[in-house]
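The values are calculated or read from the model by the stated rules, or taken from the named source; none is laboratory data. Just so we're clear, the structure is a prediction, and the values are computed from it rather than from any experiment. Don't worry about glycine lacking a Cβ; one is built from the backbone with ideal geometry, like all the others, and counts go over all protein chains shown. The area values use the complete protein model at the heavy-atom level, side chains included, leaving out ligands, DNA and RNA. Shrake-Rupley method; radii C 1.70, N 1.55, O 1.52, S 1.80 Å.
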Amino acid sequence: MPKWTSIFSRKVSGGVYVMQDLETHPGSILFVDSTHAQATNSISSGKSPDKPFATLAYVCTNAASLTPALAAGDVIYVMPGHAETVASAGAITIATAGVKVIGLGWGAARPTFSFSATDSSLLITAASVVLKNVRVT
């Protein structure tokens, strides 16, 4: 009888071929990196670290328009060195239940979110959202 694991492979349409752990990544994987030369805020971006979204705000604002739409089980990796300014109330609003936003890197190399106005905020309005390993200034 074969032994089964949660490791599986898949080709992401418009993205990269990946081997991943189904328990950790049951849905889509997206990438955000403001420092990457190919970073752009367009619906066709974000499926590869080689063509990431430029901002987390864009991903959250356009969650329903992404292909596929952002859904529970999806993971958004925010790359080391990413810097994003939050300039208004709710400029970044994570409203999709069950999404993970994971900052990569350590120390000062972690993704940084800076708040530039008194009422600037990053909101989490859905259940079971994970936001971890990011710097907030």
When you look at Ser44, is it open to solvent by 60 Å² or more (accessible area, probe 1.4 Å) and either in a loop (DSSP other than H, G, I, E, B) or more than 13 Å from Ile29 (Cα to Cα) (or both), yes or no?
yes
For region 109-120, the count of residues that are more than 13 Å from Glu84 (Cβ to Cβ) and modelled with pLDDT of 95 or more equals 1
Among Ala109, Ala117, Ala95, Ala126, which is surrounded by 16 or more Cβ atoms within 10 Å (Cβ to Cβ) and in contact (Cβ under 8 Å) with a residue 24 or more places away in the chain?
Ala95
Working carefully through the options Ala69, Ala57, Ala89, Ala63, find the one that is aliphatic (A, V, I, L, M), open to solvent by less than 40 Å² (accessible area, probe 1.4 Å) and in a loop (DSSP other than H, G, I, E, B).
Ala63
Which numbered condition Gly81 fails, given (1) in contact with an Asp or Glu (Cβ under 9 Å, 6 or more places away or on another chain); (2) crowded, with 18+ Cβ neighbours inside 10 Å:
(2)
